[in-house]
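Values in this text are rule-based calculations from the coordinates and carry no lab data. The structure presented is a predicted model; accordingly, all values stated were derived computationally and were not measured. Here the Cβ positions follow ideal geometry from the backbone for every residue, glycine too, while neighbour counts run over all protein chains shown.
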């Protein structure tokens, strides 16, 4: 019997990452194609590459511990706690 | 990339006098906007932690929240660099012969226009607002003859000084034009004087 698990979200997540990569390269293309040639433009392009690498690595680190085989049983935890319950 | 010393249709003795970008205050605004957007997931995490709501420990909701946070951070990052690209690609060049207006409106929308200095009829500088007054930045409007839409130099540094420099260049260009074509002179003014004799 096939059960739904978290891997259902993996491919849409990967698709969104790919779209983000695409828009990042659009930005780099615009800098490469249309910017005025100057040290500042090269610095901007380098900063883009560096920061995007950090963002991607950070994203991977955030999601690396996810167990994608976890079955999708939605047993919600109790949302009340001593701090928010007035009783 | 475009080289500033080899502009398209560059004249023989044409040199760039002014190279203008938007004021650095626009970058500060982008940074504040990004900071505010990044505060939202931090506030949610702080709320969950303070009220000890164990959503992040849930085997399903925890990963979903983590994935959503990762995508949200990437989207905020992309918005930020797109705004920075927009800022970086907005450039105004004033040469000894023309004014070139290069404006980027987001991605895939770019406007380049130019007008000869001899066609410029009106130059206006505007400094409006508290920050603009103290940091001396604002808009410069260049109006050419005919029905062309006026150029707007958005949030440039020292707009009064920019206006004066463009005015001086326009005067120099028009003077050079009159001297190089003495037969043109001021025909209308001379004809008007004759009609009253």
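Observations on the model:
- Condition check for residue B:117: within 10 Å of chain A (Cβ to nearest Cβ), surrounded by 15 or more Cβ atoms within 10 Å (Cβ to Cβ), in contact with a helix residue (DSSP H, G or I) (Cβ under 7 Å, 6 or more places away or on another chain) and free of Cβ contacts under 8 Å to residues at least 60 places away in the same chain: no
- Test: residue in the range B:40-59 that is in contact with a helix residue (DSSP H, G or I) (Cβ under 6 Å, 6 or more places away or on another chain), within 14 Å of chain A (Cβ to nearest Cβ) and in a loop (DSSP other than H, G, I, E, B): yes
- Filter result for residue A:7 (surrounded by fewer than 17 Cβ atoms within 10 Å (Cβ to Cβ), in contact (Cβ under 8 Å) with a residue 24 or more places away in the chain and in a helix (DSSP H, G or I)): yes
- If the condition is being within 9 Å of chain B (Cβ to nearest Cβ) and assigned to a helix (DSSP H, G or I), then the range A:51-72 contributes A:51, A:52, A:55, A:56, A:58, A:59, A:60, A:62, A:63.
- Scanning the range B:88-104 for residues that are more than 25 Å from residue A:46 (Cβ to Cβ) and not in a strand (DSSP E or B) turns up B:96, B:97.
- Scope the range A:10-44; condition within 20 Å of residue B:69 (Cβ to Cβ) and either out of contact with any helix residue (DSSP H, G or I) (no Cβ under 6 Å at 6 or more places or on another chain) or more than 9 Å from chain B (Cβ to nearest Cβ) (or both); matching residues: A:10, A:11, A:12, A:14, A:15, A:17, A:18, A:19, A:21
- Check on residue B:108, within 26 Å of residue B:172 (Cα to Cα) and not in a helix (DSSP H, G or I): no
- Whether a residue is loosely packed, with under 15 Cβ neighbours inside 10 Å and either under 26 Å from residue B:107 (Cβ atoms) or without any contact (Cβ under 8 Å) to a residue 12 or more places away in the chain (or both) was assessed, and residue B:13 does not pass this test.
- Qualifying residue in the range B:98-110 (condition: out of contact with any helix residue (DSSP H, G or I) (no Cβ under 9 Å at 6 or more places or on another chain) and buried (at least 17 other Cβ atoms within 10 Å of the Cβ)): yes
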